[in-house]
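One structure is given here, and the rest of the page talks about it.
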Amino acid sequence: MTGATPGSNNHDERLAVEIAGIRFKNPVMGASGTFGYGLEFAPLIDLNRLGGFSTKGLSARPLPGNPPPRIVETHGGMLNAIGLQNIGARAFVQERLPSLRGYDTRVIANVFGYSDEDYIEAINILNDGEGISAYELNISCPNVKEGGIVIGSSPSAAARLTEKARLASSRPLIVKLSPNVTDITAMARAIVAAGADALSLINTLVGMSVDVNTRRPRLNYVTGGLSGPAIRPIAVRMVYEVARAVAVPLIGIGGIASATDALEFIIAGATAVQIGTANYYDPRVTEKAVDGLSEYCDHNRIESIRSLIGSLAR
Amino acid sequence: MTGATPGSNNHDERLAVEIAGIRFKNPVMGASGTFGYGLEFAPLIDLNRLGGFSTKGLSARPLPGNPPPRIVETHGGMLNAIGLQNIGARAFVQERLPSLRGYDTRVIANVFGYSDEDYIEAINILNDGEGISAYELNISCPNVKEGGIVIGSSPSAAARLTEKARLASSRPLIVKLSPNVTDITAMARAIVAAGADALSLINTLVGMSVDVNTRRPRLNYVTGGLSGPAIRPIAVRMVYEVARAVAVPLIGIGGIASATDALEFIIAGATAVQIGTANYYDPRVTEKAVDGLSEYCDHNRIESIRSLIGSLAR
Amino acid sequence: MIETLATVESNDEIATGYRRLTLSFDQEIEARPGQFAMLKAHDAFEPLLRRAFAFYRTHGPRQSSFLYQVLGRGTEALSRLGRGGRVEALLPLGNSWPVDASAPTGRALVVSGGIGSASVLMLCDRLARAGVDTHILFGASSARVAHGCGLEDFRALGLPLTITTDDGSLGERGFVTAPLERMLRTRGGPRPVVYACGPWVMMSRVSEITAGFEARCLVSLEAPMGCGFGVCVGCVVAVKTREPLGYNSYKRVCIDGSIFPAEAVRWDVTAMSH
Amino acid sequence: MIETLATVESNDEIATGYRRLTLSFDQEIEARPGQFAMLKAHDAFEPLLRRAFAFYRTHGPRQSSFLYQVLGRGTEALSRLGRGGRVEALLPLGNSWPVDASAPTGRALVVSGGIGSASVLMLCDRLARAGVDTHILFGASSARVAHGCGLEDFRALGLPLTITTDDGSLGERGFVTAPLERMLRTRGGPRPVVYACGPWVMMSRVSEITAGFEARCLVSLEAPMGCGFGVCVGCVVAVKTREPLGYNSYKRVCIDGSIFPAEAVRWDVTAMSH
Ligand SMILES: Cc1cc2nc3c(=O)[nH]c(=O)nc-3n(C[C@H](O)[C@H](O)[C@H](O)COP(=O)(O)OP(=O)(O)OC[C@H]3O[C@@H](n4cnc5c(N)ncnc54)[C@H](O)[C@@H]3O)c2cc1C
Ligand SMILES: Cc1cc2nc3c(=O)[nH]c(=O)nc-3n(C[C@H](O)[C@H](O)[C@H](O)COP(=O)(O)OP(=O)(O)OC[C@H]3O[C@@H](n4cnc5c(N)ncnc54)[C@H](O)[C@@H]3O)c2cc1C
Ligand SMILES: Cc1cc2nc3c(=O)[nH]c(=O)nc-3n(C[C@H](O)[C@H](O)[C@H](O)COP(=O)(O)O)c2cc1C
Ligand SMILES: Cc1cc2nc3c(=O)[nH]c(=O)nc-3n(C[C@H](O)[C@H](O)[C@H](O)COP(=O)(O)O)c2cc1C
Ligand code: FES
Ligand code: FES
């Protein structure tokens, strides 16, 4: 079976997809905040085999993040309140991008700010960087009081930021949606109307865990973002809804830990996927997922994975 | 250790709580739709040991429910699209209540309709029934196109229905909140202002699962309600938020499968809890949870579980 | 119905991907042919829900064995249990095969498809002991699967047995419905009662065939199960009713079944997602 | 750092609730004292995240053993593994104990609290072999726990050893910090370097005491871990910085540690929720 063994499908043309005019050799990417700056995975996997990855959220200036404890495991997932600790956009351009240019994979810069101006400032810094394929706006991180939660749940605020970012950006613009809303399609429509080239979804759901012995929250920040297989059904549903509401390509995210999981999103309407939390407990999951997609194409005689996008039978 | 062994705490006064003037011998109840009409559990547990239970959603007329498949298991939970199959309010009053009166536990009638009028009609029928302690309005069941999803995510619509139900009802009124909203505190405030005596939360989150071999949804209804331990962190967070937004008692629901889980909700602000999905895979979980609460009180020298409500340390 | 922690006596692979699990119970149970149990590996945190397994055999009131195919997470978790392991068990559940249904004609045809065999071994034994002229039609995808589905145990019954495999690696090539149709057509005398257990598509075909020959047919159905004892209303199958969407349009496989008269089932509404 | 599927050689309970897990690897590894591995029972669907375990001992380049306390879901899943079982392993991780730090004074005090012992056995061995005058302070809540934490292995080193138990069931009654303070006060000559591993509260106290005596102190810290190799930034501890909330306010235990100079740590910000 071709593609069944690692390495053998380095160039499995069947897996190629396109988003906003950019070609990805396959639909499998590492999700922001779970894939560091990419290089951390070089000792474990062949980065060249991935469609790409999204960087840890980058802000105009470096951020220290929240006090510990920052994470706690739950059933089927985990809560995190990292608080977007990151080295800052400039350090990323100067210290990480050069080494990343040595790899043949798509680098998506995930951008974050506390205000519209912060976002634009970060984008302006990143515009100078070579080797970035697209920007992904994180308007949905539930861990930061200012901005995040508000922009991510208000169609008008999100549209306003998207317009500004669209103007400032020299690259394709992906906006990442928050699941903590009543109607995710309203957010999607407003953001696409404002000029987003693609959407990625979902970010984490706001959750909380209590240590009943100490009667304290398990996270110093009290609440945190829920991720992992536990949220996959919610993410698949949202991708399915948004796919029928807008015409731009979607990147499915949420609890993906295998090629089968990724296929749920693709069949529901996603052009590509990002794997997050699974990278922690299965560091080679992205590479395995690429192999799994090739196997699926073999078994089901799929000429191009593009034929599966939104192919849900009713 | 008193209370450590089943039966020994039939009358553990420390566990008694009060909601809307009604006394519950302990905070542990079976959740609507997962506890049938109560009697189904009589062969497995001593119903007299529970604080109470909420009936399967009752509508004015019997409902057939959705075509199969209606359920699918996910990681840490399950999706259901039962479609509120139920015997109808009248049959409940005539065929189930009489036998239920033989048990010393609180019966909460969970009420559902496709329109405000349906709800009122059901309540009027149930008003004649003897042995019902309170009504729980399910305004949040995501499985039915009409009503449910709309009322459950619109503060004004929910307030309007609550007012009408408050007038029609001869009993304390509990309104059950949907988690599929941007701001659950806005829903809570509107519903309490409209006269709800208590709130129960959360109902299921809308989710979806795809069979990648058949490329069909795993549920005939396509989407369904996600329940089980997977959603507990989201539920605990919502109870915590609502507890700080309104003054009425809260009944915490969502992924509870043990006394420890129940305590997370109580410490976060719930006066009582309902156990749902866990009844399926651990049919005696409610009774075990009652024992576990007594043990916790023993270990921590708690005089009354009421002292734990909202006791989260910061 | 009791809820108990059972102990694994043995859990042997009888063919690749097929196992026989023997459990002992701390109390006496009485399981009739066609009834099932909801089982779950005690110390597995996932999956959450128990799985339904037909009583394959009972060894006295405190021991039963089950035959299962290792398919997904639930059976994988079970497959890892060794002797002494613990299994959360709710049993016995569901209705049972009406053995006496074949008394009038004295003849029975038992149609088994794949692991559906697990539900009919005890039935065949009872029919034989009741003096019913019983013929077994045993279908499987291959010889390996046939053995995994307990073929030897069926052979040991000493009843007339016709084997079919999809790939022809054992017995007659093709589906088990072929010999069924042939027998109903060619064999004279009183119509046998047909008892069938297997995948939905096969049952649907069996129902069609038996209807054509006006033979009474009983089927044991499968549906995804949440609880196994009637509360979740998740395991329904659509049944024929006067008003198309009336209240009684659906029946619960776990408590109204798993055994239904074939003619009552709406075969156009499949209960499984696969 | 390699990611591999290790095989269980043994997984014995050495005291109620405490086990020694010996793994063999398909490739050669080189683990230094104080380093750790992220481990997870291969076929467990839950919990998802691997858990960090210090290298207790290495038996050649392809075998290591770990000492663990069965506490929650992760260790429960591990405790069920038998010989031949598979463990998902990421290793070796983190920095290691600076043995040569005690070269200048030639003296070392190793303070072990509870299961923290797992991290310092190899350290003691190296110190002894480096000719450092090493004294072990071994604290546990009870005699049972002391044995569970590998007391026999520490005794076997033949180094001076002071035992304390909270309940006095073995050695001196009280906390291990008492003999530590006593020794620093009474013993003359050059200051020993203090190496400590144990619960946060104990480490915090150890840091206080050593600071008081201007003794150099190194601590191995614990934090809830998501990945173990630096990407999730979930395992941080607060460290002292010039500007209070500057960018470098937090360090990752998994990759910047787990071993830190005691004076660098902000003990007022606890890293664990318990
Ligand atoms: C009344 C009744 C009696 C049963 N008796 C037996 C029995 O005696 N022996 C036995 O082995 N099983 C029996 N089953 C089926 C059993 O309950 C489980 O559904 C089956 O073992 C799959 O569970 P799993 O956890 O292995 O797979 P799951 O984790 O539930 O599913 C894993 C994957 O397998 C697919 N899948 C699940 N079930 C099937 C199926 N039946 N066919 C094809 N794909 C499937 C799912 O879609 C999913 O993709 C019975 C079912 C019922 C309702
Ligand atoms: C660098 C490093 C090295 C480690 N080395 C070892 C080692 O060699 N041996 C060893 O046994 N452990 C070691 N640990 C701890 C180990 O990684 C796990 O945190 C611990 O085993 C608990 O995991 P669990 O899955 O059993 O419990 P979890 O399921 O994670 O937690 C279950 C319950 O136990 C509580 N809990 C979790 N951890 C602790 C704790 N440490 N103390 C008290 N309560 C707790 C949780 O709050 C929860 O209530 C190390 C940790 C780190 C960071
Ligand atoms: C520890 C952690 C940190 C994260 N940081 C970011 C971030 O900086 N920016 C962002 O857009 N998403 C961030 N995410 C969200 C993930 O990219 C992803 O959307 C989410 O975790 C759901 O996918 P998963 O279930 O596969 O993890 C983070 C997630 C985790 C678990
Ligand atoms: C199969 C099923 C049916 C349900 N039916 C109802 C219902 O009729 N009315 C209602 O208010 N909630 C219903 N619920 C929601 C539960 O009462 C509960 O709010 C939800 O499942 C979350 O709790 P859990 O995670 O403990 O199951 C149902 C849940 C399930 C799983
Ligand atoms: S499985 Fe729950 S009603 Fe049948
Ligand atoms: S555990 Fe992930 S960064 Fe340390």
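Derivation of every value follows stated rules applied to the coordinates shown; laboratory data play no part. From a predicted model like this one, the values you see are computed outputs, not experimental measurements. Cβ placement follows ideal geometry from the backbone for every residue including glycine, while neighbour counts extend to all protein chains displayed.
For peptide A:219-231, the mean count of partner chain Cβ atoms within 10 Å of a residue's Cβ comes to 5.
For C:Pro261, the distances from its label point to the matching points in the remaining copies are 8.8 nm, ordered from shortest, with each point set 7 Å beyond Cα toward Cβ. Peptides A:172-181, C:165-174, ordered by how many other C-beta atoms sit within 10 Å of their residues on average, highest first, read A:172-181, C:165-174. Distances between copies at B:Arg23, taken between label points 7 Å from Cα along the C-beta direction, are 7.7 nm in increasing order.
Relative to its Kirkwood radius, the Cα radius of gyration of chain D gives an Rg/Rh of 0.95. Modelled label-to-label distance, D:Arg187 and D:Asn95, 7 Å Cα→beta-carbon offset: nm? If labels sit at D:Arg187 and D:Asn95, their model points lie 2.4 nm apart. Just to confirm a number: summing +1 for Lys and Arg and -1 for Asp and Glu over residues other than A:Thr271 whose beta-carbon lies under 9 angstrom from that of A:Thr271, what do you get? Neighbourhood net charge equals 0. Across identical copies of the chain, A:His11 has label-point separations of 8.3 nm, listed in ascending order, with the point defined 7 angstrom from Cα along Cα→Cβ.
Figure legend: label point modelled 7 angstrom from the Cα of D:Glu214 along Cα→Cβ; residues of the stretch D:181-207 with amide N under 12 Å from it are D:191. For chain C, the longest principal axis of the Cα atoms and the long axis of helix C:200-212 meet at an angle of about 30 degrees.
Of all beta-carbon atoms in chain D, the one sitting closest to the axis that brings chain D onto chain C gives D:Glu46, 2, with the distance in whole angstrom.
For the protein assembly as shown, the convex hull spanned by the alpha carbon atoms encloses 175 Å³ per residue.
Calculated translational diffusion coefficient of the stretch C:1-41 (20 °C, 1.002 mPa s; Stokes-Einstein with Kirkwood radius over alpha-carbon pairs) equals 180 µm²/s. Among C:4-17, D:111-124, the peptide with the highest mean count of other Cβ atoms within 10 Å heads the list, and the full ranking is D:111-124, C:4-17. Taking the fewest neighbouring Cβ atoms within 10 Å as the starting point, the ordered list for A:Phe41, C:Phe45 is C:Phe45, A:Phe41.
When both bridge partners sit in the protein assembly as shown, DSSP labels roughly 55% of those beta bridges antiparallel. Quotient of the Cα radius of gyration of the stretch C:75-119 and 2.2 N^0.38 Å, N being its number of residues: 1.77.
Starting from the Kirkwood radius over alpha-carbon pairs of the stretch C:78-164, derive D by Stokes-Einstein at 25 °C in a medium of 0.890 mPa s and give it in µm² s⁻¹. Approximately 170 µm²/s, per Stokes-Einstein. Paramagnetic label reach from D:Asp167 (point 7 Å along Cα→Cβ; backbone nitrogen cut-off under 17 Å): within the stretch D:108-139, residues D:114-115, D:139.
Look at the stretch A:255-267: the mean tally of other chain Cβ atoms within 10 Å of its residues' Cβ atoms is 3.
List the pairs from A:Lys56/D:Lys40; B:Lys176/C:Lys251; B:Lys25/C:Lys251; C:Lys40/D:Lys40; A:Lys288/C:Lys40; B:Lys288/C:Lys251 whose alpha-carbon separation is above 24 Å, in the order I gave them.
A:Lys56/D:Lys40; B:Lys176/C:Lys251; B:Lys25/C:Lys251; A:Lys288/C:Lys40; B:Lys288/C:Lys251
How would you classify the stretch A:220-314 from its alpha-carbon gyration tensor, with a ≥ b ≥ c the square roots of the eigenvalues: rounded for a/c under 1.5, else prolate if a/b is greater than b/c, otherwise oblate? Oblate.
Averaged over the residues of peptide A:199-212, the number of Cβ atoms from other protein chains lying within 10 Å of each residue's Cβ is 5. Ordered by the count of other Cβ atoms within 10 Å of each Cβ, fewest first, D:Met203, A:Met238 give D:Met203, A:Met238. Going by neighbour counts of Cβ atoms within 10 Å, the residues A:Val273, B:Val28, D:Val110, D:Val239 line up, fewest first, as D:Val239, D:Val110, B:Val28, A:Val273.
Shape class for the stretch D:138-251, computed from the alpha carbon gyration tensor (a ≥ b ≥ c): oblate, with a/c not under 1.5 and a/b at or below b/c.
With chain B treated as a Gaussian network of Cα nodes joined by springs under 10 Å, which of B:Ala168, B:Ala89, B:Ala289 yields the largest mean-square fluctuation? In the Gaussian network model the winner is B:Ala168. Shape verdict for chain B, please, from the Cα gyration tensor: rounded (a/c under 1.5), prolate (a/b greater than b/c) or oblate. Rounded is the answer for chain B, as its axis ratio a/c remains below 1.5. When chain C is treated as a GNM with alpha-carbon contacts under 10 Å, the residue of C:His147, C:His135, C:His59 showing the greatest mean-square fluctuation is C:His59.
Of the trypsin sites (Lys or Arg not before Pro) found in the stretch D:49-89, those that fall in a DSSP loop while having at most 12 other beta-carbon atoms within 10 Å are D:Arg83. Taking only the Cα atoms of the stretch B:6-132, the radius of gyration and Dmax are 15.8, 46 Å. The separation of the stretch C:77-118 from the stretch D:232-269, counted between C-alpha centres, amounts to 60 Å.
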